[in-house]
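What follows is a single structure, written as structure tokens, with notes after it.
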């Protein structure tokens, strides 16, 4: 008996119906990234394990529990499937001296891998669009990236999304705050769960992210990092908030927002949907002005974010709109031995003219083909039989205009269709 194989837990196929939504999302986000003059960079899926230990942080959940890492038995290199994109992008900046001639604005897209508990909106292979700006230290850069995302949500017609914003200051600010926070948690040790106790002296700021309901009252009363910011960090945050207000972008200051990666400083933000349950963060990021130097580069200001594509797709599926689909302009129905090669040629000629064409190649009945033409969503059906092929005539049926049908000569078909319906190439 032949063995059947299935996808691994947390890995999945993107079937055509959903892949249409991916294409729709990518078209929208790529257009907006072009508007803001971000350039695409391609990055490896596999990087040295030490890159993530040094950048993401040895005491983060990602490094401690979630990375897919192994030793290459051929050369003993320690390797990791990338769990996030920023570290690899920074490595590329340093390795290729990309900021030698000044600031650069980059984006990348692709799969990331984390060994997490699988649930709706959270998989072990997931996909992100990452956006990074290097060499720009002013709050206008932070604001531009946040406004870019606001523009994207509007373009996708997504609702019920809120922006949460915070500043976690610079490393020297957090040294002072860390001691205050540890002292506070020590005074409330009986309320801390096992995960919080584990993090208490290694990464106490991450305790603030806990969703444990029994800890919320205690966490709400904890010292707030925003109260320990230096004058420079405080001014940076105030200027950012001022820019966002000037552009009528609503936001909520969440003093417990710290993000899960060690490299952040100053601005951190998350866009959160109310329609996805516990996995509601659809995009998040912030400033990381010390990371380039941390992995071997020259001191370089930096700011970036990542969009979780799977979570956006879930929201788009809920919209359930036809304009989320990539549809053919034309569907060709053909019956008969002479009709088949003639229809094939017509399809190729129309594609040469920039039209999207579905061609029935099954040889099924006329009724069955017309059903498929309707289901395809095409606005025009071309009907070709042996008689039409012999006379170089095509029956044109306007599927979305009360089924109007006309006979058109082969030589005029492309012009006729474009005159009748406003197709875009």
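The values are calculated or read from the model by the stated rules, or taken from the named source; none is laboratory data. Everything quoted here is computed from the prediction, not taken from an experiment. Cβ coordinates were reconstructed from backbone atoms using ideal geometry, including for glycine residues, and neighbour counts include every protein chain displayed.
Are any of the residues in region 378-385 surrounded by fewer than 16 Cβ atoms within 10 Å (Cβ to Cβ) and either at pLDDT 85 or above or in contact with a strand residue (DSSP E or B) (Cβ under 6 Å, 6 or more places away or on another chain) (or both)? The answer is no; no qualifying residue exists. For region 389-421, the tally of residues that are surrounded by 12 or more Cβ atoms within 10 Å (Cβ to Cβ), under 18 Å from residue 376 (Cβ atoms) and out of contact with any strand residue (DSSP E or B) (no Cβ under 8 Å at 6 or more places or on another chain) stands at 1. In a residue-by-residue description of region 129-151, the property of being free of Cβ contacts under 8 Å to residues at least 40 places away in the same chain, assigned by TED's automatic domain parsing to the domain that holds residue 278 and under 23 Å from the mean Cα position of the chain (by Cα) applies to no position. Of 205, 192, 181, 165, all but one fail to be touching a residue at least 60 places away in the same chain (Cβ under 8 Å) and either in the same structural domain as residue 266 (by TED's automatic domain parsing) or buried (at least 19 other Cβ atoms within 10 Å of the Cβ) (or both); the exception is 165.
Here's the yes/no breakdown for (1) in contact (Cβ under 8 Å) with a residue 40 or more places away in the chain; (2) surrounded by 20 or more Cβ atoms within 10 Å (Cβ to Cβ); (3) within 30 Å of residue 389 (Cα to Cα):
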residue: 288; (1), (2), (3): yes, yes, no
residue: 292; (1), (2), (3): yes, yes, no
residue: 305; (1), (2), (3): yes, yes, no
residue: 308; (1), (2), (3): yes, yes, no
residue: 328; (1), (2), (3): yes, no, yes
residue: 331; (1), (2), (3): yes, yes, yes
residue: 337; (1), (2), (3): yes, no, yes
residue: 345; (1), (2), (3): no, no, yes
residue: 350; (1), (2), (3): yes, yes, yes
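For residue 282, the criteria (1) without any contact (Cβ under 8 Å) to a residue 12 or more places away in the chain; (2) part of a strand (DSSP E or B) hold in every case but one, which is (1). Residues in region 45-58 that are crowded, with 16+ Cβ neighbours inside 10 Å and touching a residue at least 60 places away in the same chain (Cβ under 8 Å): 5 in all. Across region 63-93, the number of residues qualifying as touching a residue at least 12 places away in the same chain (Cβ under 8 Å) and part of a loop (DSSP other than H, G, I, E, B) comes to 7.
Tell me yes or no: at least one residue of region 332-354 is part of a strand (DSSP E or B), touching a strand residue (DSSP E or B) at 6+ places or on another chain (Cβ under 8 Å) and at pLDDT below 85. Within region 332-354, none of the residues are part of a strand (DSSP E or B), touching a strand residue (DSSP E or B) at 6+ places or on another chain (Cβ under 8 Å) and at pLDDT below 85.
The listed residues are 9, 28, 3, and the only one of them that is assigned to a loop (DSSP other than H, G, I, E, B) and at pLDDT 90 or above turns out to be 9. Scanning region 183-207 for residues being within 24 Å of residue 267 (Cβ to Cβ) and in contact with a helix residue (DSSP H, G or I) (Cβ under 6 Å, 6 or more places away or on another chain) gives a total of 4. Of the residues making up region 31-62, those that are closer than 20 Å to residue 92 by Cβ and part of a helix (DSSP H, G or I) number 10. The conditions of being under 26 Å from residue 145 (Cβ atoms) and either surrounded by fewer than 17 Cβ atoms within 10 Å (Cβ to Cβ) or in contact with a helix residue (DSSP H, G or I) (Cβ under 6 Å, 6 or more places away or on another chain) (or both) are met by residue 23.
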